[in-house]
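Reviewing the structure listed below.
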Number of protein chains: 2
Amino acid sequence: MKKCIHNSLSDQVYTMLKEQILSGQLKGGMKIPEESLAEQFGVSRTPIREAVRRLSEYGLVTIKPRSYASVSTITEKEAEDIARVRVTLEQLAVDSIDEAGYLAHVKELSRFAADCQYAMGIGDRASVFEQDNLFHLALIKASRNSALISLYERLDAKIQQLRIAQNLNEHELSLCLAQHGEMMNLLKGGEKERCKALIHEHVFHRSIDLGAPR
Amino acid sequence: MKKCIHNSLSDQVYTMLKEQILSGQLKGGMKIPEESLAEQFGVSRTPIREAVRRLSEYGLVTIKPRSYASVSTITEKEAEDIARVRVTLEQLAVDSIDEAGYLAHVKELSRFAADCQYAMGIGDRASVFEQDNLFHLALIKASRNSALISLYERLDAKIQQLRIAQNLNEHELSLCLAQHGEMMNLLKGGEKERCKALIHEHVFHRSIDLGAPR
DNA sequence: GAACCCATCGTTGTATACAATGGACACACC
DNA sequence: GGTGTGTCCATTGTATACAACGATGGGTTC
């Protein structure tokens, strides 16, 4: 019950920069000199440096030593690579979810799925993405595998970056959202293999059961 | 052909601290005050901070904000979690390896496997671990999936920490090393499913084909 | 006119100084 | 005696100052 209002400046800058990158306000390739950021945020270069370095660990920023830092870009190939790993991790989560983990997170899952639908209804795309992201994070957390959770959180930034770049149309998006509910049903019924296949479809937006067992 | 001798102090400190942690010189739970490290390395606190923060991103150091940083410990449960994720990632790599990736890395793989055996022969345990690690990294790299590679490198630090803590006996260790060659044969023959099963056995040191298809 | 070299400037990398918070100890109070 | 509280100190968080390297642009030479 501590007052966590006093986050460090470094944290605040990190959060805001991340938002700016993921919202597209800071576009891929843009240089981000420490001094100008410091001016913009009204702090010294020290917390800026820490934030930028943390972002580089998450792959959102590329640092060229002794030269400059810039917002990372994603190539087509990288996007595919990320999706492939993402599917694998989420499938591992599904495999790992047991009764207790399911019960502990089912409320969260359904809430995020619902909020997602709601945001879709009012046309709030940013919120859709946010809730969608939370849904998948909750799925991972239900695995209760700390290493899995921590690794997925690493990928998460790039996944979000991708989600934006993908720019799905209304139809595709609503199809995706419907799959959230389907996933939960399959989970509830213990139909893990079908759930894993659905996740593949969910991420790749096409119905291939690559990776599913025969 | 650039002179990369001039690594930043922050990098040097990072490397040395990582070594000290992974060699067990810095034991889990030990506090690592910035100032004493700065004194020890003969640099200011700035590069120390950057190094420690980077280590915390890799899970080797735990930072308690505004209080202190300490070397992370691994619980039994975490060890299992890490192993589970590790197996999944390496299996994904095997699935992803194509002809070109195999050819590009087969030389590396056999070299590391051989160096591993050699180090085992002369009883150089540290070197065995190092080469073993390089072997598995090469396996991952053969997938040519950048996201997979980057994620695995994140886990790698913890995997190395585990390898030390595990403290396998001579018999178990030499059994493991023999499996490297076996893996390469299976890869060469394109027997991916058997290779994936072997990887599970390799990591968990017991012959269970959990995760293998039926 | 093009290529190379050199100097300057801007930016990053590091050191140091200062501010602010958390922890430990001692003391008082219950 | 145990618990709560207040002060002090050690350590972190941030700002600023300085050093060192890389990039850019102009001048010289072929």
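Name the single residue, out of those in segment B:112-157 being open to solvent by 30 Å² or more (accessible area, probe 1.4 Å) and within 14 Å of chain A (Cβ to nearest Cβ), that is farthest from B:His202 (Cα to Cα). Per the criteria, the residue is B:Ser146.
With respect to the conditions (1) within 16 Å of DNA strand D (Cβ to nearest atom); (2) open to solvent by less than 80 Å² (accessible area, probe 1.4 Å), B:Leu9 falls short on a single one, namely (2). Just one of the numbered conditions (1) closer than 22 Å to A:Val52 by Cα; (2) touching a Ser or Thr at 6+ places or on another chain (Cβ under 7 Å); (3) more than 14 Å from DNA strand D (Cβ to nearest atom) is not true of B:Pro65: (3).
Scan segment B:101-123 for residues that are among the aliphatic types (A, V, I, L, M), touching a residue at least 12 places away in the same chain (Cβ under 8 Å) and either out of contact with any helix residue (DSSP H, G or I) (no Cβ under 7 Å at 6 or more places or on another chain) or over 14 Å from B:Ala138 (Cβ atoms) (or both) and the total you get is 4. Looking only at segment A:85-106, residues that are over 14 Å from A:Leu151 (Cβ atoms) and facing chain B (nearest Cβ under 8 Å) come to 1 in all. When B:Leu168, B:Leu173, B:Leu137 are checked against the criterion of being within 16 Å of B:Val87 (Cα to Cα) and either without any contact (Cβ under 8 Å) to a residue 12 or more places away in the chain or in the same structural domain as B:Ile199 (by TED's automatic domain parsing) (or both), B:Leu137 stands alone in meeting it.
Exactly one residue among B:Ser23, B:Ser67 is closer than 25 Å to A:Ser44 by Cα, outside the structural domain of B:Ala165 (by TED's automatic domain parsing) and open to solvent by 50 Å² or more (accessible area, probe 1.4 Å), and that residue is B:Ser67.
Among the residues making up segment A:41-60, those that are open to solvent by less than 40 Å² (accessible area, probe 1.4 Å) and within 12 Å of DNA strand D (Cβ to nearest atom) are A:Val43, A:Pro47, A:Ile48, A:Glu50, A:Ala51.
Filtering segment A:19-31 for residues that are within 27 Å of B:Leu55 (Cα to Cα), touching a residue at least 24 places away in the same chain (Cβ under 8 Å) and polar (S, T, N, Q) leaves an empty set. The set of residues in segment B:28-40 that are surrounded by 11 or more Cβ atoms within 10 Å (Cβ to Cβ), away from DNA strand C (no atom under 13 Å from the Cβ) and within 18 Å of B:Tyr58 (Cα to Cα) comprises B:Gly28, B:Met30, B:Ile32. Quick check on B:Ile82: is it more than 14 Å from DNA strand D (Cβ to nearest atom), touching a residue at least 40 places away in the same chain (Cβ under 8 Å) and away from chain A (no Cβ under 11 Å)? In short, no.
The values are calculated or read from the model by the stated rules, or taken from the named source; none is laboratory data. Owing to the predicted nature of the structure, the values given are computational and were not obtained by experimental measurement. In this analysis, Cβ positions are derived from the backbone assuming ideal geometry, glycine residues included, and neighbour counts consider all displayed protein chains. Quick note on the areas: whole protein, heavy atoms, side chains included, nothing else; ligands and nucleic acids left out. Shrake-Rupley method; radii C 1.70, N 1.55, O 1.52, S 1.80 Å.
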